[in-house]
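Take a look at the structure set out below.
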C-alpha cells in the first residue's frame, strides 16, 4: 500500500516570522578597560541566556517566595529547537502540524533574546543597557572581525546606561544616581574588567548588551561584581561575556565606601527580579521544548511514521 501523502506547510507561514529586527546607532562610550583576556573559545562553550521587550518593571520592598528555578536549558537550546523543528517539517506535516510549528518558530524569532538573557538572570527591555545597537564597519580590525577592545566599550556603555536607568526608576534619588557616574561625591569606579570571547563577530550585525548583579549586595559591601552578556543578533547567540569589578568610591574622603542606602534598596530589588526572570525564562524555554517534543511524536517519531517523499516516493510518476 503506498504511503499516505501529507500536506506540506506553506513557506508563507514560516518565512515572515524570521525577518531581522531593525538596527539603531551605537550609544556614546565612556570609560576605558583595565584588564582584558584575549582568547576565543569554542562556539559550543557559550551559556544560554525573549527578543520581545519586557514590560516596564517597578521597584518595591516586597520579596518573591524562595523557590527552586527550573534547570538551566542546554547552552544551544535555540539552535537545537530550530533544527528539530526543521526535521519535523522536512519529514512532512499536516496543515495542523505546520501551524503548530509556525507558532513555535514565531516564539523563537521574537523571544530568543529575552529568553537567552533571562535564563541567566539578565533583565531585558527598556533602557537597561544597549539594545539592537548596530555593529559598524569601522569597528573591525585587520583580522577581519570586531576588535577585541570594542567589546569592552560595548560593555561599559551598557553599564553606564544600566546605572543611569535607575534615575528614572527611582526619581526621588535621581540626582544621586546620576552623580554615581561623575567624580563629585560618591561614585562608581571600574577596578577591573575581564572579557571572554565566544566567536569573532563581524560587520554587518547588531548587538544587545545586558548587565546583572552576581550576588545579593549587603550594607557593608564596598564593591559590586557585575556580569555582562553581549548578544549577536546575526548569530542569535552570545558573542562575548565580561566580568566587571566596580568599586564604590568616596571622592571627598579619597577612599572606598559602602554602597549608598538608596542604591542598596534598588539593587536588592533588582536581585529579586533577576531570580524571578530566571524562573520565568527557563520555564518558557522548557515549555517550547515540550511543544517541539510533541510535534516530533506526531511526525517522524511516530511508531507508524512514513516519510512523505513527494514525487520521489511515487517513483517519479
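Which residue out of 129, 168, 125, 174 is at pLDDT below 95, touching a helix residue (DSSP H, G or I) at 6+ places or on another chain (Cβ under 9 Å), over 30 Å from residue 290 (Cβ atoms) and surrounded by fewer than 23 Cβ atoms within 10 Å (Cβ to Cβ)? Don't jump to the end; show me each part of the working.
Numbers: 129 fails: surrounded by fewer than 23 Cβ atoms within 10 Å (Cβ to Cβ); 125 fails: over 30 Å from residue 290 (Cβ atoms); 174 fails: at pLDDT below 95.
168 is the lone residue from the list that is at pLDDT below 95, touching a helix residue (DSSP H, G or I) at 6+ places or on another chain (Cβ under 9 Å), over 30 Å from residue 290 (Cβ atoms) and surrounded by fewer than 23 Cβ atoms within 10 Å (Cβ to Cβ).
Is the range 90-110 home to any residue that is closer than 18 Å to residue 206 by Cα, surrounded by 15 or more Cβ atoms within 10 Å (Cβ to Cβ) and touching a strand residue (DSSP E or B) at 6+ places or on another chain (Cβ under 7 Å)?
No.
Considering each of 117, 107 in turn, give the residue that is in contact with a helix residue (DSSP H, G or I) (Cβ under 7 Å, 6 or more places away or on another chain), at pLDDT 95 or above and not in a loop (DSSP other than H, G, I, E, B). If you could, list the steps in order and put the result at the bottom.
Values: 117 fails: in contact with a helix residue (DSSP H, G or I) (Cβ under 7 Å, 6 or more places away or on another chain).
Only one candidate qualifies: 107.
Tally time: how many residues in the range 194-227 are within 30 Å of residue 252 (Cα to Cα), touching a helix residue (DSSP H, G or I) at 6+ places or on another chain (Cβ under 6 Å) and outside any loop (DSSP other than H, G, I, E, B)?
Result for the range 194-227: 3.
For the subset of the range 283-304 comprising residues that are more than 14 Å from residue 81 (Cβ to Cβ) and part of a helix (DSSP H, G or I), which member is nearest to the chain's Cα centre (by Cα)? Explain how you work it out, then say what you get.
Within the range 283-304, the first condition is being more than 14 Å from residue 81 (Cβ to Cβ), and the residues that meet it are 283, 297-304.
Imposing the further condition that a residue be part of a helix (DSSP H, G or I) reduces the set to 283, 297-298.
Details: 283: 15, 297: 30, 298: 31 Å.
Among them, the one singled out is 283.
Of the numbered conditions (1) surrounded by 19 or more Cβ atoms within 10 Å (Cβ to Cβ); (2) under 14 Å from residue 122 (Cβ atoms), residue 213 fails exactly one; give the number of that condition.
For residue 213, the failing item is (1).
Could you list, in sequence order, the residues of the range 116-156 that are more than 14 Å from residue 209 (Cβ to Cβ) and within 13 Å of the chain's Cα centre (by Cα)?
118, 119, 121, listed by residue number.
Quick check on my filter: what residues within the range 177-187 are farther than 9 Å from residue 250 by Cα and surrounded by 14 or more Cβ atoms within 10 Å (Cβ to Cβ)?
Passing the criteria: 177, 178, 179, 180, 181.
Residue under question is residue 86, and the condition is that it be over 15 Å from the mean Cα position of the chain (by Cα), over 30 Å from residue 275 (Cβ atoms) and crowded, with 23+ Cβ neighbours inside 10 Å; does it hold? Walk me through it before giving the result.
Values: over 15 Å from the mean Cα position of the chain (by Cα): yes; over 30 Å from residue 275 (Cβ atoms): yes; crowded, with 23+ Cβ neighbours inside 10 Å: no.
When the stated conditions are applied, residue 86 does not pass them.
Can you find even one residue in the range 232-241 that is more than 22 Å from residue 214 (Cβ to Cβ) and buried (at least 20 other Cβ atoms within 10 Å of the Cβ)?
Our first condition is that a residue be more than 22 Å from residue 214 (Cβ to Cβ); within the range 232-241, this holds for 232-236.
Adding the requirement that they be buried (at least 20 other Cβ atoms within 10 Å of the Cβ) leaves 232-233.
Yes, the conditions are met somewhere in the range 232-241.
Can you name the residue in the range 241-278 that is farther than 21 Å from residue 184 by Cβ and part of a strand (DSSP E or B) and is also nearest to the chain's Cα centre (by Cα) among such residues?
Across the range 241-278, the extreme among qualifying residues is 241.
The values are calculated or read from the model by the stated rules, or taken from the named source; none is laboratory data. Fair warning: this is a prediction, and the values are worked out from it, not measured in the lab. All Cβ positions, even for glycine, are placed from backbone atoms using ideal geometry, and neighbour counts span all protein chains on display.
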